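Data first, discussion second: the structure below is written as structure tokens.
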């Protein structure tokens, strides 16, 4: 069983993979990439165990001790045993005299002890490192392993903080080099190394692409389905985004004050239409409207501004608004036959990766909705004020 982490089904998978000479992605199959205990503590503990199924003896343990500065701490490597979830007694919370608990990874030669407490997403338990340090403290050193290497809440000196980003990465890279002539073991360590980088958002573009390509090779049908439906997903989300903006607009001043006098319309249902958008006007505005328009998918190159047909009465007056509208819109503006003033609507553009990420993120999406809504409200308020004045 590869590194003691897989059940019989996965063990059979491994044997098939070995016979085919292919890589085996145990972490993806197990679906435990972010699980502290089922993946990370188990995998690290198995590599450190001289009796582990990696068949590399003490090599990985010695590399680890060298990486964390404890090479001279371990006089009896031949007697080393590694234990997971090691029980050191009932938990007692008593300040610096606290004791007890279960240690994630406990390494001992019978005289010296080295423990690893692994924290990725969870917080340190109450007096947890203090409790572990108090267990045979003269012969015990505790390593506090986190993503970024932050310190533990303890005054004890027989502990050290280490991180996935520095010490663990260096150790795994040295293990990978040591296993250069063991393809399955080497690739498994590589995949685990990429998994730990992904946890901290540290994958390089090349590593991200390699991981993606591997997933696509393993799941070609899913990759094809994603490719075919990606644009459809973005269009659907943009449509929902537009609907949320419209709903927000209707609840804001000045529309909410006299909703029966306002018209907020969308023309996005015509599949063959060249343009799509949102149009906001009031009964006494005649042909004037505030608009938010774009291509038929409503994704690329959206614009917003004030529209008024060139042949309708009042166009000259609307043209005189350009200076004030440009100030409100806060950027470069243009005019055309039917648009006295318009500008690119960047908060409503969803083509680049950052914008799409914002669209799909709940918090950032709400921020975008607020940005778009406020811009439209500013134009609506200005037009309503000017047209009320001219109407009177």
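The values are calculated or read from the model by the stated rules, or taken from the named source; none is laboratory data. Fair warning: this is a prediction, and the values are worked out from it, not measured in the lab. Using ideal geometry, Cβ is built from the backbone for each residue, glycine included, and neighbour counts are taken over all protein chains shown.
Looking only at the stretch 118-125, decide whether some residue is surrounded by 13 or more Cβ atoms within 10 Å (Cβ to Cβ), touching a helix residue (DSSP H, G or I) at 6+ places or on another chain (Cβ under 6 Å) and in a loop (DSSP other than H, G, I, E, B). Talk me through it step by step, then tell me what you get.
We begin by selecting, within the stretch 118-125, every residue surrounded by 13 or more Cβ atoms within 10 Å (Cβ to Cβ); these are 118-120, 124-125.
Narrowing further to those that are touching a helix residue (DSSP H, G or I) at 6+ places or on another chain (Cβ under 6 Å): 118, 120.
Restricting the remaining residues to those that are in a loop (DSSP other than H, G, I, E, B) gives 120.
Yes, some residue in the stretch 118-125 is surrounded by 13 or more Cβ atoms within 10 Å (Cβ to Cβ), touching a helix residue (DSSP H, G or I) at 6+ places or on another chain (Cβ under 6 Å) and in a loop (DSSP other than H, G, I, E, B).
Here's the yes/no breakdown for (1) surrounded by 19 or more Cβ atoms within 10 Å (Cβ to Cβ); (2) closer than 23 Å to residue 165 by Cβ; (3) outside the structural domain of residue 180 (by TED's automatic domain parsing):
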position: 39; (1), (2), (3): yes, yes, no
position: 53; (1), (2), (3): no, no, no
position: 57; (1), (2), (3): no, no, no
position: 65; (1), (2), (3): yes, yes, no
position: 70; (1), (2), (3): no, yes, no
position: 81; (1), (2), (3): no, no, no
position: 85; (1), (2), (3): no, no, no
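Just the residues that are surrounded by fewer than 17 Cβ atoms within 10 Å (Cβ to Cβ), under 17 Å from residue 250 (Cβ atoms) and under 34 Å from the mean Cα position of the chain (by Cα), please, taken from the stretch 367-392. Once the filter is applied, which keeps residues that are surrounded by fewer than 17 Cβ atoms within 10 Å (Cβ to Cβ), under 17 Å from residue 250 (Cβ atoms) and under 34 Å from the mean Cα position of the chain (by Cα), the stretch 367-392 yields 370, 374, 378. Cβ separations smaller than 7 Å between residues 6+ apart or across chains give the following pairs from the stretch 305-330 residues that are free of Cβ contacts under 8 Å to residues at least 40 places away in the same chain to residues that are assigned to a helix (DSSP H, G or I): 308/315; 308/318. Residues of the stretch 320-353 that are under 29 Å from residue 236 (Cα atoms) and assigned to a helix (DSSP H, G or I): 329, 346, 347, 348, 353.
Condition check ((1) in the same structural domain as residue 348 (by TED's automatic domain parsing); (2) more than 30 Å from residue 357 (Cβ to Cβ); (3) modelled with pLDDT of 90 or more) across all residues:
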| site | (1), (2), (3) |
| --- | --- |
| 271 | yes, no, no |
| 280 | yes, no, yes |
| 289 | yes, yes, yes |
| 292 | yes, no, yes |
| 299 | yes, no, no |
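Answer yes or no: is there a residue in the stretch 247-261 that is on the phi < 0 side of the Ramachandran plot, in the same structural domain as residue 370 (by TED's automatic domain parsing), surrounded by 15 or more Cβ atoms within 10 Å (Cβ to Cβ) and modelled with pLDDT under 90. No, every residue in the stretch 247-261 fails to be on the phi < 0 side of the Ramachandran plot, in the same structural domain as residue 370 (by TED's automatic domain parsing), surrounded by 15 or more Cβ atoms within 10 Å (Cβ to Cβ) and modelled with pLDDT under 90.
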